[in-house]
Amino acid sequence: MCGIVGYIGNQQAAPIILDGLAKLEYRGYDSAGVAVYDGEKIQAQKATGRLKVLENLTRGGETLPGTAGIGHTRWATHGAPSDVNAHPHLNTAGTIAVVHNGIIENYIPLKKKMMDKGYVFQSETDTEVLAHLLDYYYKGNPLEAVTKVLHRVEGSYALGIVFADHPDELFAARKDSPLIVGKNDSGCFIASDVPAILKYTRTVYYMENQEVAVLGKDDLKFYSVDEEELTKESVRIDWDADAAEKGGYEHFMLKEMYEQPKTIADTISPRIHENDIVIDELNMSDDELKAVKKIHIVACGSAYHTGVTAKYVLENLVRIPVEVDVASEFRYRDPILEEGSMVIVISQSGETADTLAALRESKARGFKVLGIVNVVGSSIAREADACLYTWAGPEIAVATTKAYSAQLVALYMLAMKMAKVRGTIDDNRFGKLLADLRCLPDQIELLLGQKGKIQHFANRYLGARDIFFIGRGIDYAISLEGSLKLKEISYIHSEAYAAGELKHGTISLIEDGTLVVALSTQPSLYQKTISNVVEVKARGAFVMAVTNEENKAMEKASDYVIYIPETDPCFANSLAIIPLQLFAYYVAVGRGCDVDKPRNLAKSVTVE
């Protein structure tokens, strides 16, 4: 949520900042702003709406000359989207500018104290409190002012700060909201995420909680909140720079759907050795894997849906109980973690606030935590006891596709590894699972080849008001993700239901012509799901079924069928989700929606 970019160096700052903010548009925002020191004072320009508005106002940054500055894309929390509430925020004299991601939880008492001291507030934001606090504590030493402010505020923050009195320095600070620092021969950068500065440098430093960075044109130092200088190691980013570009596709989402075969291959290939699965990152011996008595999976959104699938797969293969929690519920329900439990947290960004809080809660109770993340060096990757990376590369579209698929196969491999070690599957079953796992990339390629057929069908439902997804077992987990994809990018009301629950109230919502998407990939449940299809058709529904090639009975029961290739039932989600992703995409495109940047949504949810 929100985006920060800052630069200090030998080049003009505003064009670099605007370019970096454009790379962070996927994070979600409703206004944008830039502040640059022009040699005499700090000049700021802010605008509501898309970044293009700000670019036009500043002529691509030309009207804001200077070699040190900060920029921000804001997703409104405190105060409606407006030019006044947009960042950067300045002190009254206009000598200090600050941008902020996160939430200052105690801003109300702080604001009252500052108002009592005569400070006048222009905006409704919590961030403006920071600008006035910095002014209050600044006595000529900016580092001292920054650290004093950090000792006063409660909540989360990633900050970029410019002081007019110190034009050769740019300041940054971080707590529970991601921020990286980069460096090249021309200067230094700050950013919320790697894509913003990948064009300029591959050398980055990941800031830890309650650290302050002081950036100069050719100097870079890190400090604790007690002003103790720290030593940090840089990390080289090996992403292909083109991975963060559309590459000729109309949308990032479509590009990323087509990258799924490679993403899956990249995630599984390094972990398959001599027909065995080797996950060195687990940092767990076979004896430790055997000692696990229960698994808790904690995640949000689509990552939660991969966890629901993993519950079925793990319980089927490993034969131990698995609980799956929405992270925001887990952290507040005082969960019971029994001895022998292992906690798995899943997050594409590795910065999801609720998931990160669940990790910390679990570790505080003395339990081992495995993180499954996509971003190297992210908070979850650093704080988890072990980290299983999904090698999906940068995912720009807000609606996840390839990261979701990579999380699935990572969980499949974990289940297979544990099952083999614990002896709950024999070598023959393991070998068949491994063979099917290796086939997934090619099978997904085949399904992506059906895009024309799916687009044609999707065009029939551009005006739909309600669409329902149903399934049993793993098919229910697939339904959850298929429904989410549709609603988040097309804005059509959509719900997913366990098919067996239809007669317990849900079936009353079925009207003549209502589209019901029926998932039926589990052979043991074919007949049960067909019965549910017959029920909804009897009430006027039009049924699109996604099922296996062998399930010809579904063709007779439903109106439209998409077949997926043969695979082990445990892996069905990886194939069945592809036509649902394509269906959601083409419905959204047909309705004229902004597929990559759906309204009100953010790619990385770093605040509650």
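The values are calculated or read from the model by the stated rules, or taken from the named source; none is laboratory data. From a predicted model like this one, the values you see are computed outputs, not experimental measurements. Glycine also receives a Cβ, built like all others from the backbone with ideal geometry; neighbour counts cover every protein chain displayed. Heavy atoms of the whole protein, side chains included, go into the accessibility calculation; ligands, DNA and RNA do not. Shrake-Rupley method; radii C 1.70, N 1.55, O 1.52, S 1.80 Å.
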**Message:** Test of understanding: among GLY505, GLY513, which residue is open to solvent by 30 Å² or more (accessible area, probe 1.4 Å) and under 18 Å from PHE457 (Cα atoms)?
**Reply:** GLY513
**Request:** Go through segment 395-507 and tell me which helices (runs of 4 or more DSSP H), entirely inside it, have 3 or more residues that are farther than 22 Å from ASP596 by Cα and modelled with pLDDT of 95 or more.
**Result:** 402-422, 427-448, 474-490
**Message:** Just the residues that are assigned to a strand (DSSP E or B), within 18 Å of LEU134 (Cβ to Cβ) and open to solvent by less than 20 Å² (accessible area, probe 1.4 Å), please, taken from segment 173-184.
**Reply:** ALA173, ARG174
**Request:** Evaluate the following for ASP238: is it surrounded by fewer than 20 Cβ atoms within 10 Å (Cβ to Cβ) and free of Cβ contacts under 8 Å to residues at least 40 places away in the same chain?
**Result:** yes
**Prompt:** Does VAL589 qualify as being open to solvent by less than 20 Å² (accessible area, probe 1.4 Å), in contact (Cβ under 8 Å) with a residue 40 or more places away in the chain and not in a loop (DSSP other than H, G, I, E, B)?
**Reply:** no
**Message:** Could you check segment 285-311 and list, in sequence order, the residues that are within 20 Å of GLY423 (Cβ to Cβ) and out of contact with any strand residue (DSSP E or B) (no Cβ under 7 Å at 6 or more places or on another chain)?
**Reply:** SER285, ASP286, ASP287, GLU288, LEU289, LYS290, ALA291
**Message:** From the list SER341, SER328, exactly one residue is modelled with pLDDT under 95, among the hydroxyl-bearing types (Ser, Thr, Tyr) and under 24 Å from the mean Cα position of the chain (by Cα). Which is it?
**Reply:** SER328
**Request:** Within segment 350-390, work out how many residues are part of a loop (DSSP other than H, G, I, E, B), among the hydrophobic types (A, V, I, L, M, F, W, C) and either over 14 Å from the mean Cα position of the chain (by Cα) or surrounded by 24 or more Cβ atoms within 10 Å (Cβ to Cβ) (or both).
**Result:** 3
**Request:** Go through segment 455-502 and give me each residue that's crowded, with 19+ Cβ neighbours inside 10 Å and touching a Gly at 6+ places or on another chain (Cβ under 8 Å).
**Result:** ALA458, PHE469, ARG472, ALA477, ILE478, SER479, LEU484, ALA496, ALA499
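Okay, residues lined up against (1) touching a residue at least 12 places away in the same chain (Cβ under 8 Å); (2) in contact with a Leu (Cβ under 9 Å, 6 or more places away or on another chain); (3) more than 30 Å from ILE237 (Cβ to Cβ):
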position: LYS311; (1), (2), (3): yes, no, yes
position: VAL324; (1), (2), (3): yes, no, yes
position: ARG333; (1), (2), (3): no, no, yes
position: GLU338; (1), (2), (3): yes, no, yes
position: VAL345; (1), (2), (3): yes, yes, no
position: ILE372; (1), (2), (3): yes, yes, no
position: GLY393; (1), (2), (3): yes, no, no
position: ALA397; (1), (2), (3): yes, yes, no
**Prompt:** How many of the residues making up segment 185-194 are open to solvent by 10 Å² or more (accessible area, probe 1.4 Å) and either in contact (Cβ under 8 Å) with a residue 40 or more places away in the chain or in a helix (DSSP H, G or I) (or both)?
**Reply:** 2
